[in-house]
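Have a look at the structure below, then the notes.
The values are calculated or read from the model by the stated rules, or taken from the named source; none is laboratory data. This one's a predicted model, so the numbers in the text were calculated from it and none came from an experiment. Cβ coordinates were reconstructed from backbone atoms using ideal geometry, including for glycine residues, and neighbour counts include every protein chain displayed.
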Amino acid sequence: MQKLNTRKIGAEKERFVCGWLEERGYRIVARNFSCRTGEIDLVAWEGGYLVFVEVKYRADAGCGAPEEAVDLRKQRAVSRTALVFLQRYRFAETTPVRFDVAALSGETVTLIKNAFEFCG
């Protein structure tokens, strides 16, 4: 039962962040893209970049800051999944991409643009 509640809360928070990003000029093109290498929460166009956004939520600081959960292992998984996305939808190799993290604490969103570089 706990896993279902966690997934439901995660989906709600991703929807919230999606709207928050749209208000700031992001144009969402995909949500919850998944393949065998992993999942990317949001993919959007912003400022000429195709942006892969990882959404992390914490109800309180007891478990640390949300962005701390985007460790090197997660960065590698997101990077590999971004490659699959680019190939699947036939984006040019020259498409400018960026990896952002939207850290959500309670109802406060902290957007970290270019939070990490591609790591394969």
Mind telling me which of the residues 19, 48 ends up being more than 13 Å from the chain's Cα centre (by Cα) and under 16 Å from residue 103 (Cα atoms)? 19
Log entry, pairs with first residue in the stretch 97-120 being touching a residue at least 40 places away in the same chain (Cβ under 8 Å) and of a type in the set (Val, Ile, Thr), second being surrounded by 13 or more Cβ atoms within 10 Å (Cβ to Cβ) and assigned to a loop (DSSP other than H, G, I, E, B), beta carbons closer than 7 Å, six or more apart or on different chains, reads 101/70; 101/115
For the stretch 30-45, which residues satisfy the criterion of being of a type in the set (Val, Ile, Thr) and within 12 Å of the chain's Cα centre (by Cα)? 40, 43
Given 117, 54, 107, which one is at pLDDT below 90 and acidic (Asp, Glu)? 107
